[in-house]
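Accompanying notes for the structure given below.
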Amino acid sequence: MLAIKTKKYVDAVIWAPPSKSYTQRALIVSSLADGKSLIKSPLFSDDTAHMVSALKQFGIRIDKKGSDLVVHGAGGKLKLPSKPIFAGNAGTAMRFLTAFACLADGEVVINGDRRMRQRPIKDLLDALGQLGAKTESNNGFPPVRTYGGFNGGSVRLKGNTSSQYLSSILMCAPYAKKDTSISIIGNLTSRPYADITLDVMKSFGVGVKNQNYKRFTVKNDKRYKPRGYKIEGDASSASYFFAAAAVTKGKVMVKNINPRSKQGDIGFADALGKMGCSVRKGKDFIEIKGAGLKGIDIDMNSMPDAVPTLAVVSVFADGASSISNVANLRYKESDRLKALAFELRKIGAGVKEMGDGLKVRRRRLQKAIIETYNDHRMAMSFAVAGLSISGIRIKNPNCVAKSFPDFWEKFSLLYKK
């Protein structure tokens with residue numbers, strides 16, 4: 001358990017860690033390329049370790065070279081793993097590897113930890129089935145067994161559960177036996193993550209025809225080309241430091257961040273601007289200056305990973321805040337809407353939990369022991385609350401290693417001035 005020290009006013013410059021989303025996609029795509037790619041400044045975290053370990057089981061050689069990774073792509077010719085693949089609670093790895101495994105000719109087993117076995121994957125398996133792949137699961141949940149057969153063709157995919165299902169199919173589609181066309185049923189959730197996928201694919205030489213996020217077409221006459229690829233800074237990880245400035249009326253500049261990034265969570269800074277903070281953007285930084293905060297009504301479908309951070313900031317605002325259109329948060333590392341509601345009430349907030357969001361209002365703030373549910377974003381978000389509320393203690397603080405292993409080291413920089 002970690003006790004968070006209060007800080008009356010923060011004034012810091014923080015270097016954002018590399019993007020988890022870009023790292024995971026670059027690893028999949030470079031593994032399919034035919035030749036050697038240099039992934040520059042990837043994120044080294046638990047999720048990355050799960051992905052790298054799995055790719056090695058498919059016969060992909062991956063070497064660490066200083067702060068970079070050298071990926072020797074196999075041109076889509078994958079070996080069958082000799083044992084089951086373990087993805088832990090890395091949802092991105094589980095979903096991306098499921099389509100990837102369907103390119104291998106034979107049985108592949110992919111499993112995860114207890115929480116992962118509670119996270120649905122049926123829609124992805126149904127879609128892969130339409131493309132010719134044979135799969136099995138535990139009633140739509142991991143463990144997953146694949147038996148090859150990613151032939152391509154036309155598929156209809158529900159868009160409201162996870163954009164990772166779409167990304168998984170898109171990245172592997174160039175290696176199908178024929179062109180692949182994906183029609184989205186309903187609205188696609190978390191669109192910016194699909195944009196990241198398209199961006200990485202294009203960088204490695206494969207374009208995707210995107211018809212207003214309703215239909216995606218991938219030709220099978222192009223293959224990924226090996227290259228050097230630099231991973232940009234992580235907007236989700238930057239959000240905690242922006243929030244620190246907001247709740248302490250302080251000032252934080254986050255460097256190694258692209259204000260024009262395709263990452264949806266880059267919009268978190270502008271959300272703080274609407275709540276009363278001042279926002280300054282440069283070529284590779286964003287600076288937030290805190291001020292009196294007011295509540296906000298916000299659709300966060302494009303930045304779901306920043307919901308815990310905004311929910312915590314809302315506790316320090318005048319008036320109620322309403323966060324909506326994020327029902328898919330119930331299938332993350334925890335049921336984040338339920339977990340947030342429970343823990344926010346512990347620190348004295350008034351919270352109404354809705355099917356697709358939260359309403360949050362400040363009441364009498366108080367000390368509390370925060371349960372993290374082994375969810376990295378719960379730990380990091382409530383650490384921010386501890387800057388202004390005395391007596392906040394975080395259980396299982398090491399769960400941050402999933403996406404941000406040196407978070408506590410970076411967080412300590414808020415206390416330097």
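Tabulated data for the structure shown
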| item | result |
| --- | --- |
| Selected residue [at pLDDT 95 or above, farther than 30 Å from Ala246 by Cα and buried (at least 20 other Cβ atoms within 10 Å of the Cβ)] from Ala49, Ala54 | Ala54 |
| Criterion: assigned to a strand (DSSP E or B) and hydroxyl-bearing (Ser, Thr, Tyr) - qualifying residue of Ser239, Ser261, Ser322 | Ser322 |
| Meets criteria (within 21 Å of the chain's Cα centre (by Cα) and of a type outside the set (A, V, I, L, M, F, W, C)) for Lys410 | yes |
| Subset of the range 371-398 [more than 22 Å from Ala90 (Cα to Cα) and over 20 Å from the mean Cα position of the chain (by Cα)] | Ala385, Gly386, Leu387, Ser388, Ile389, Ser390, Gly391, Ile392, Arg393 |
| The range 360-417 - residue that is in a strand (DSSP E or B) and touching a helix residue (DSSP H, G or I) at 6+ places or on another chain (Cβ under 7 Å) and, of those, surrounded by the fewest Cβ atoms within 10 Å (Cβ to Cβ) | Ala368 |
| Members of the range 105-126 found to be crowded, with 17+ Cβ neighbours inside 10 Å and more than 22 Å from the chain's Cα centre (by Cα), listed by number | Val108 |
| Considering residues of the range 177-202 that are in contact (Cβ under 8 Å) with a residue 60 or more places away in the chain and over 14 Å from the mean Cα position of the chain (by Cα) only, the residue farthest from Asp265 (Cα to Cα) | Met201 |
| Total residues in the range 109-123, condition touching a Lys or Arg at 6+ places or on another chain (Cβ under 6 Å) and assigned to a helix (DSSP H, G or I) | 1 |
| Criterion (of a type outside the set (Val, Ile, Thr) and in contact with a strand residue (DSSP E or B) (Cβ under 9 Å, 6 or more places away or on another chain)) met by exactly one of Ser82, Ser53 | Ser53 |
| Positions within the range 114-127 being more than 13 Å from Ile85 (Cβ to Cβ) and in contact with a strand residue (DSSP E or B) (Cβ under 9 Å, 6 or more places away or on another chain), in sequence order | Arg117, Gln118, Arg119, Pro120, Ile121, Lys122, Asp123, Leu124, Leu125, Asp126, Ala127 |
| Test result for Ser41, touching a residue at least 60 places away in the same chain (Cβ under 8 Å), over 30 Å from Lys177 (Cβ atoms) and surrounded by fewer than 24 Cβ atoms within 10 Å (Cβ to Cβ) | yes |
| Hits in the range 193-210 - residues which are of a type in the set (S, T, N, Q) and surrounded by fewer than 21 Cβ atoms within 10 Å (Cβ to Cβ) | Ser203, Asn210 |
| Odd one out for Lys134 among (1) over 23 Å from Lys83 (Cα atoms); (2) surrounded by fewer than 18 Cβ atoms within 10 Å (Cβ to Cβ); (3) of a type in the set (D, E, K, R) | (1) |
| Arg345 vs. criteria part of a loop (DSSP other than H, G, I, E, B) and either in contact with a helix residue (DSSP H, G or I) (Cβ under 7 Å, 6 or more places away or on another chain) or free of Cβ contacts under 8 Å to residues at least 24 places away in the same chain (or both) | no |
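This table checks each residue for (1) under 30 Å from Ser181 (Cβ atoms); (2) of a type outside the set (Lys, Arg); (3) surrounded by 15 or more Cβ atoms within 10 Å (Cβ to Cβ).
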| position | (1), (2), (3) |
| --- | --- |
| Asn212 | yes, yes, no |
| Phe216 | yes, yes, yes |
| Lys219 | yes, no, yes |
| Pro226 | yes, yes, yes |
| Lys230 | no, no, no |
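The values are calculated or read from the model by the stated rules, or taken from the named source; none is laboratory data. The structure displayed is predicted, hence computed values, not measured ones. Note that we place each Cβ from the backbone using ideal geometry, even for glycine, and neighbour counts take in every protein chain shown.
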